[in-house]
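*Asks:* Please see the structure below; I have some questions.
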Amino acid sequence: MSETTPNLALPFIMPAQAQKHVTHNEAIELLDTIVQLTLESTDANTPPVAPFEGQAWAVGSAPTGDWSGQAGMIAAWRGGGWLFVTPRDGWMAWVTNVAELRVWTDGAWVTLASAGA
């Protein structure tokens with residue numbers, strides 16, 4: 001049996017697992033980040049100095065600082081630290097800095113209309 005769900009990679013609580021609340025809370029954090037996803041921008045390479053709880057960015061191709069090594073990921077500020085999530089084809093997000101809906105397809109965030117909508 002897999003340890004995560006196939007579509008969102010949410011962790012399963014395993015039989016005889018200690019501290020089941022940790023796994024459950026991790027799944028809730030992931031759901032809260034990616035359901036109704038809102039991104040501040042889709043090409044950020046430098047982490048913000050003072051992010052607000054729940055804010056998220058699509059990390060660009062040349063990330064620095066705390067985002068080093070996380071190119072292409074979604075970086076969400078959760079619980080005083082960064083939660084990195086790999087986007088999957090078909091995920092949609094409202095992007096606040098350009099005020100448009102974008103979809104992740106073929107490794108890029110594209111305006112929904114240009115994605116064949």
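What follows draws every value from the coordinates through simple rules; no lab data is involved. Just so we're clear, the structure is a prediction, and the values are computed from it rather than from any experiment. Neighbour counts run over all protein chains shown; Cβ positions are idealised from the backbone, glycine included.
*Asks:* Classify segment 4-58 as rounded, prolate or oblate from the Cα gyration tensor: take a ≥ b ≥ c as the square roots of its eigenvalues, call it rounded if a/c is under 1.5, otherwise prolate when a/b beats b/c and oblate if not. Working shown, then result.
*Replies:* Values: a/c = 3.11, a/b = 2.16, b/c = 1.44.
It comes out prolate by the Cα gyration axes.
*Asks:* Roughly speaking, what is the stretch gain from S61 to T4, that is 0.36 nm per residue apart minus the C-alpha to C-alpha distance, in nm to one decimal? Can you show the working numbers first?
*Replies:* On the way: separation 57, 0.36 × 57 = 20.52 nm, distance 2.72 nm.
Net length gain for the segment: 17.8 nm.
*Asks:* What number, in nm² with one decimal, is the all-direction average of the projected area of the convex hull of the alpha-carbon atoms of the chain? Please list the in-between numbers first.
*Replies:* Details: hull surface 33.3 nm².
If I average the Cα hull's projected area over directions, I get 8.3 nm².
*Asks:* Amide H neighbours of G60 under 5 Å, at least 5 residues apart or on other chains, H built in the peptide plane: list them.
*Replies:* A44, N45, G72
*Asks:* Let me ask another. Go through segment 4-9 residue by residue and turn each phi into a ³J(HN,Hα) via Karplus (6.51, -1.76, 1.60, θ = phi - 60°); whole Hz please, and just put x for glycine and proline.
*Replies:* After applying 6.51 cos²θ - 1.76 cosθ + 1.60, I find 9, 6, x, 8, 10, 6 Hz.
*Asks:* While we're on this one: Can you give the angle from 0 to 90° between the axis of helix 20-34 and the longest principal axis of the chain, with both taken from C-alpha atoms, to the nearest 10?
*Replies:* Tilt relative to the chain: about 10 degrees.
*Asks:* On a full-extension model of 0.36 nm per residue, what is the gain between F84 and E29, subtracting their alpha-carbon distance, rounded to one decimal in nm? Numbers along the way, then the final one.
*Replies:* Values: separation 55, 0.36 × 55 = 19.80 nm, distance 1.11 nm.
That works out to 18.7 nm of additional length.
*Asks:* Using label points projected 7 Å from each Cα along Cα→Cβ, tell me how many nm separate V49 and W94, to one decimal.
*Replies:* For the pair V49/W94, the computed spacing is 2.8 nm.
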